[in-house]
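A short worksheet on the structure shown next.
The values are calculated or read from the model by the stated rules, or taken from the named source; none is laboratory data. Since we're looking at a predicted model, the values are computed, not measured. Because the Cβ atoms are built from the backbone with ideal geometry, glycine has one as well, and the counts that use them run over all protein chains shown. To get the accessible areas, we keep the full protein, side chains included, count just its heavy atoms, and leave off ligands, DNA and RNA. Shrake-Rupley method; radii C 1.70, N 1.55, O 1.52, S 1.80 Å.
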Amino acid sequence: MKQSLFEHRHMAEWEQFSLMLDRLERDKHAVGVDSFPSDYRRLCQHLALARERGYSSFLIDSLQQQALRGHQQLYRHRSRLSAHVLAFILADFPRLVRQQWRFVLAASLMFFGSLIGIALLVYLFPDLIYNLIPAEQVSEMQSMYDPDAGHLGRSAERAASEDWVMFGYYVMHNIGIAFQTFASGLLFGLGSAFFLVFNGLMIGAVAGHLTQIGFGQTFWSFVIGHGAFELTAIALSGAAGLQLGWALIAPGRLPRAEALRLAARKSVLLICGVMLFLLIAAFIEAYWSSMTAPSPLIKYLVGAALWVLVTVYLLFAGRTRHAPE
C-alpha cells in the first residue's frame, strides 16, 4: 500500500487519538476515553506497519511520538487501577462490610447458627445424619477424613490430583455456592436465607457426624485453615443477597427498581470481596489444608491465626478518623 493511501485511510484515527491524548494529559480523570487502550494498540499496529513498509521517517517519527505519549498514559491508567484495587482490599471492602453490619449479622446468624445447631444435634443423635444426607455421600465423607486413608479432604479419585487442579476445582465450586446464595436474594431475600440455612445444615451435619465417629481430628485440622475465609465468604455472599431482597421488600420512598439498583451497587462490591476471600480459601485448601506432614496442633494454631486475621481485618481495616463508619 502506498504511503499516501495509508495516511488517507488512517489520518482521522490518528487525529482523534491525538485529541484523546491531549485530554488525558490535561485531566487524568477525563471522561469519554474508554476506548483508549484499544486505540493505543491500533496505533502501535500502524507504527509497526509503517516501519515494515519503509514509509518516510516523518510519518514514522510522528506515529512513534504518539505511541510514546500513549504508553505513558496507559502506564498511568494501569497504576491508578492498581491503586484502586489495593485501596479496595485494604480499606473499602472491610469498611463496606461494617457499613452493612445488619445484613452481615442476619446472614451470619442464619449460616453459623444452623451449622452449630445441627452439628450438636447430629453429635448427640447420630442417626439424624441419614435424614439429611444420603448414605452414599456419608460414606464418601467418611473415606475422605478417615485417619488411615493417607489423604485429607479428598476422595480416593482426587487424592492423587495435582494441587493446582484441586485449586481450580475449589475455586469453581465455592464461587458457585457464593453466587447462588447471592443471586437468589432477588427472590425477596428468601433464596439467600434458604441457601444460608441449607449450607449451614449440610456443613454442620458432616462436622457433627465425623466428630461423633472419631474422625474429628482429621476433619477439624483440615477445615480450620481455609474455613476462616471460605465460611466467612458464604456468610457475606448471603448478606449481599439479603440486601437485594430488602431493597425489594422495603424500598422506602424510592421505586423498587431504583432501590434495587442502589442496593446492587453495594452488593456487587461486597461480592468482589467475597471472590477474593474464596480465592484465598481455595489456595489454602489446595496447598496447605490437604497436607498430611504438619501435625494437627500446627494446623490448629495456623487456623486459629487465620480466623483472628480475618476477624481483625473485617473489624478494623480501613478505619480512619476522617472516614467514620
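Quick check on ALA247: is it crowded, with 24+ Cβ neighbours inside 10 Å, touching a helix residue (DSSP H, G or I) at 6+ places or on another chain (Cβ under 8 Å) and at pLDDT 95 or above?
no
Residues of the stretch 266-290 being over 13 Å from PHE93 (Cα atoms) and surrounded by fewer than 16 Cβ atoms within 10 Å (Cβ to Cβ), which ones?
Within the stretch 266-290, just TYR287 meets the criteria.
Within the stretch 111-122, identify whether any single residue is under 28 Å from the mean Cα position of the chain (by Cα) and either free of Cβ contacts under 8 Å to residues at least 60 places away in the same chain or exposed (fewer than 13 other Cβ atoms within 10 Å of the Cβ) (or both), and answer yes or no.
no
Please tell me if GLY32 is at pLDDT 85 or above, open to solvent by 30 Å² or more (accessible area, probe 1.4 Å) and outside any helix (DSSP H, G or I).
no
Would you tally the residues in the stretch 270-315 being assigned to a helix (DSSP H, G or I) and either of a type in the set (Ser, Thr, Tyr) or farther than 20 Å from ALA235 by Cα (or both)?
Adding up the residues that qualify gives 13.
Considering only the stretch 201-215, state which residues are open to solvent by 10 Å² or more (accessible area, probe 1.4 Å) and part of a helix (DSSP H, G or I).
LEU201, MET202, ILE203, VAL206, HIS209, THR211, GLN212
Please enumerate the residues belonging to the stretch 173-200 that are within 15 Å of ILE116 (Cα to Cα) and either surrounded by 20 or more Cβ atoms within 10 Å (Cβ to Cβ) or among the small types (Gly, Ala, Ser) (or both).
Correct list: LEU196, ASN199, GLY200.
Which one of these is of a type in the set (Gly, Ala, Ser), free of Cβ contacts under 8 Å to residues at least 40 places away in the same chain and farther than 30 Å from LEU210 by Cα: ALA83, ALA50?
It is ALA83.
Answer yes if at least one residue in the stretch 226-237 is touching a residue at least 12 places away in the same chain (Cβ under 8 Å), hydrophobic (A, V, I, L, M, F, W, C) and surrounded by fewer than 21 Cβ atoms within 10 Å (Cβ to Cβ), and no otherwise.
no
Does TYR55 satisfy the criteria of being loosely packed, with under 11 Cβ neighbours inside 10 Å and either modelled with pLDDT under 85 or more than 24 Å from CYS272 (Cβ to Cβ) (or both)?
So TYR55 does not fit the description; no.
Out of ALA50, ALA83, ALA91, report the one residue that is under 33 Å from the mean Cα position of the chain (by Cα) and open to solvent by less than 50 Å² (accessible area, probe 1.4 Å).
ALA91
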